[in-house]
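My questions will all concern the structure given below.
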Amino acid sequence: MAGVGVSTSFANVPINTLLQRTTEDSKWGRVMSIVNMGTMIAMPLAYDFIGFLLEQIGAVTLIIGIGSLTALGATACFRSREIMTAQ
């Protein structure tokens, strides 16, 4: 379970870095409020979807799958030249 949390932070850091580097300072608050609103809207939907998957495939398989997908996403972000070199 700790691996899922750690890999999630590895995905969030490059995404937030890209947002910070590519957003004008005057628009930063608006952009982050839209990102946070989208996150809050998606959470109940994700809970329903995860509950359904838990019943279908089980907790261990689900945790391994989500952790793997998150690690792949983080790796893709760190390997992306656009994200790492955004000004």
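The values are calculated or read from the model by the stated rules, or taken from the named source; none is laboratory data. Computed from a predicted structure; not experimentally measured. FYI the Cβ positions are ideal-geometry reconstructions off the backbone, even for glycines, and counts take in every protein chain you see.
Of all residues in the stretch 60-81 being among the hydroxyl-bearing types (S, T, Y) and in a helix (DSSP H, G or I), which is modelled with the highest pLDDT?
So the first thing to find is which residues in the stretch 60-81 are among the hydroxyl-bearing types (S, T, Y), and the list is 61, 68, 70, 75, 80.
Then keep just the ones that are in a helix (DSSP H, G or I); that gives 61, 68, 70, 75.
Values: T61: 93, S68: 88, T70: 82, T75: 82.
Once the filter is applied, the top-ranked residue is T61.
Restricting attention to the stretch 43-50, does a residue exist that is at pLDDT 90 or above and under 27 Å from F78 (Cβ atoms)?
There is no residue in the stretch 43-50 that is at pLDDT 90 or above and under 27 Å from F78 (Cβ atoms).
Another question about this same structure. Counting only residues that are polar (S, T, N, Q) and farther than 23 Å from P14 by Cβ, how many does the stretch 48-70 have? Can you show your working first?
As a first pass, look at the stretch 48-70 and keep what is polar (S, T, N, Q): 56, 61, 68, 70.
Now drop any that are not farther than 23 Å from P14 by Cβ, which leaves 56, 61.
Qualifying residue count, the stretch 48-70: 2.
For the stretch 22-43, give me each residue that is more than 15 Å from the chain's Cα centre (by Cα) and either closer than 18 Å to L62 by Cβ or touching a residue at least 12 places away in the same chain (Cβ under 8 Å) (or both).
Selection gives T22, V31.
All but one of (1) under 16 Å from N12 (Cα atoms); (2) surrounded by fewer than 10 Cβ atoms within 10 Å (Cβ to Cβ) hold for L45; which doesn't?
Answer for L45: the failing condition is (1).
Kindly evaluate I50 against the criterion of being among the hydrophobic types (A, V, I, L, M, F, W, C) and closer than 19 Å to I63 by Cβ.
Values: among the hydrophobic types (A, V, I, L, M, F, W, C): yes; closer than 19 Å to I63 by Cβ: yes.
It is true that I50 is among the hydrophobic types (A, V, I, L, M, F, W, C) and closer than 19 Å to I63 by Cβ.
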